[in-house]
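*Asks:* My questions will all concern the structure given below.
The values are calculated or read from the model by the stated rules, or taken from the named source; none is laboratory data. Because the structure is a prediction, the values reported are computed rather than measured. Using ideal geometry, Cβ is built from the backbone for each residue, glycine included, and neighbour counts are taken over all protein chains shown. Each accessible area value is taken on the protein alone, full model and side chains, heavy atoms only, with ligands, DNA and RNA left out. Shrake-Rupley method; radii C 1.70, N 1.55, O 1.52, S 1.80 Å.
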Amino acid sequence: MNVEEMTIETERRPDVRRYDTVVIGGGQAGLAVGQQLVERGHGDFVILDALDRVGDNWRRHYDSLRLYNPARMCALPGLAFPGPGDRFPTRDEIADYLEDYAAAFDLPVESGVRVERVEPREGGYLVVAGEHRFEAANVVVATGTFGRPWTPPFAAELDDGIRQLHSSEYRNRSQLLPGPVLVVGASHSGADVANDVADGRDVTLAGHVHGEIPFDIEGRVARVLWPVLGFVARHVLTTRTPMGRKARPEIRAHGGPLLRYRRHDLTARGVEMVDERVAGVLDGRPVLDGGRSLDVANVVWCTGFRQDFSWLRLPVIDEDGWPRERRGVVEDAPGLYFMGLAFQYSFSSMLLLGVGRDARHVVGHLTGHRGR
């Protein structure tokens, strides 16, 4: 190879940047890890995020979204949530808070960098993101609870004239065609969407309801109960208690209860509640378990997400799709960590309420404060 060929080959070879720690994901989980690294003087790290701006993971939700717990329970370590503590923040307020949080601690977030794979390297890991290459002794996977949007395979058999959206794509009513709407999945997001679209339309909400909060989450009773519920979410429903260990697989596998909008709220809005699954398609129309065919113009699939860690080229994922970890620490792969998983340690792990405690544990282990 002559000098000219060597120069061309060098130009084609992507640069490799080396850090002690690479954090994948710039949502609340990744930012909380970053804050803890800064607090412990562990500054040799970078946070990679696929989206264009800190907080965009929240800005992409439906326009009417408000949090299901008050602002006083939304603060990440080191920065209070702004404004009155008893209000329920909007989607954009959460997004702006995360952006302010990253700025307050000068966190090294690189936006628009989508990680394609992580593979082992001697002494650590190689992180590949397009033309970017990163080597690190530690990798924290903070991509959170939501993986790949899931819809049943038979959704492809619906008539082409029916507008289909997953809840991750739904923003507001303007996206829908005129005519009846079927919302599939009777968890809190399904209830939110059904309430949002029930404005002079025929709306059907199909799916089994996994319970409902027996009080108005923004009412007087709730103001008294929120500290109790927060304590239960953080300290009772954990992997250390029999109750928590029993609840964990149920919470991971099924939708949550109705929260802001309950059965009577939805029926008062004219929503038809059907306690049946959408089981298939007949003549291009969705069909319920009992055989009823629904003539609708729109279907919004509030059917959740499926974990997708296929980009991790490491044997650390179980058959159920969840990583083998203990409080975020992967014992089979030293230096690999997870953050923001549903019920990682407690019910609060996937919430702003609990992510700070999980970050302290993970970073404590990473920096050797808990012994490695």
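*Asks:* By the scheme Lys and Arg +1, Asp and Glu -1, what is the net charge of all other residues having a beta-carbon under 11 Å from that of residue 338?
*Replies:* +1
*Asks:* Right, next: GNM on the chain, C-alpha springs below 10 Å: top fluctuator among 268, 102, 297?
*Replies:* 268
*Asks:* Further question on the same structure: With every protein chain in place, what's the accessible area of residue 293 (1.4 Å probe, Å², nearest 10)?
*Replies:* Around 50 Å² of this residue is reachable by solvent.
*Asks:* If contacts are Cα pairs under 8 angstrom and at least 6 residues apart, what is the relative contact order of the range 25-178 in percent?
*Replies:* 28 percent
*Asks:* Compute the helix-to-body angle for 242-253: its Cα long axis versus the longest principal axis of the chain, expressed 0 to 90° and rounded to tens.
*Replies:* For 242-253 against the chain, the angle is about 80 degrees.
*Asks:* Moving on to the next point. Counting Lys +1, Arg +1, Asp -1, Glu -1, what net charge surrounds residue 82 among other residues with beta carbon under 15 Å of its beta carbon? The partial results should precede the final answer.
*Replies:* Working: positive: 72, 87; negative: 86, 92, 93, 96, 99, 100.
Taking every Cβ under 15 Å from that of residue 82, the sum is -4.
*Asks:* Figure the gain on full extension for residue 148 and residue 104 (residue separation times 0.36 nm, minus the Cα-Cα span) and round it to one decimal in nm. Walk me through the numbers before you get to the answer.
*Replies:* Values: separation 44, 0.36 × 44 = 15.84 nm, distance 3.10 nm.
Length difference between fully extended and current span is 12.7 nm.
*Asks:* Work out how much length residue 324 to residue 306 would gain on full extension: take 0.36 nm times their residue separation and subtract the Cα-Cα distance, in nm to one decimal.
*Replies:* 4.9 nm
*Asks:* Also, I was wondering about something else. Rounded to the nearest 20 Debye, what is the dipole magnitude of the range 1-155 about its Cα centre when Lys and Arg each give +1 and Asp and Glu each give -1 at the C-beta?
*Replies:* It comes to approximately 680 debye.
*Asks:* What whole-number distance in Å separates the alpha-carbon centres of the range 109-132 and the range 64-80?
*Replies:* Rounded to whole Å, the Cα centres lie 31 Å apart.
*Asks:* Now a separate question. Counting only protein heavy atoms and using a 1.4 Å probe, what share of the accessible area of the range 327-372 belongs to carbon plus sulfur, as a whole percent? Let's see the in-between values first.
*Replies:* Working: 740 of 1480 Å².
Answer for the range 327-372 is 50 percent, counting heavy atoms of protein chains only.
*Asks:* Can you give me the angle between helix 220-231 and the longest principal axis of the chain, using Cα atoms only, in degrees from 0 to 90, rounded to the nearest 10?
*Replies:* Once rounded, the angle reads 40 degrees.
*Asks:* What is the distance, in nm, between label points placed 7 Å from the Cα along the Cα-to-Cβ direction at residue 218 and at residue 86?
*Replies:* 1.4 nm
*Asks:* Dipole of the chain (Lys/Arg Cβ +1, Asp/Glu Cβ -1, origin at the Cα centre): which of 278, 302, 83 lies farthest to the positive side?
*Replies:* Ranked along the dipole, the leading option is 83.
*Asks:* Simple spin-label model, 7 Å along Cα-to-Cβ: residue 119 to residue 63 in nm?
*Replies:* About 4.5 nm, to one decimal.
*Asks:* Give me the angle, in degrees from 0 to 90, between the Cα long axis of helix 91-104 and the longest principal axis of the Cα atoms of the chain, rounded to the nearest 10.
*Replies:* Tilt relative to the chain: about 10 degrees.
*Asks:* Right, something else. Would you tally the net charge around residue 67, using a Cβ to Cβ cut-off of less than 10 Å, leaving residue 67 out, and scoring K and R as +1, D and E as -1?
*Replies:* Here the charged neighbours net out to +3.
*Asks:* At 1.4 Å probe radius, can you tell me the per residue accessible area of the chain in Å²?
*Replies:* With the other protein chains kept in place, the chain gives 48 Å² per residue.
*Asks:* Another question, if that's okay. Please find the FRET efficiency linking residue 79 to residue 133, where r is the Cβ-Cβ separation and R0 is fixed at 25 Å, and quote it to the nearest 0.05.
*Replies:* After rounding, the FRET efficiency stands at 0.15.
*Asks:* While we're here: Report residue 79's accessible area, 1.4 Å probe, all protein chains in place, as a number in Å² to the nearest 10.
*Replies:* 50 Å²
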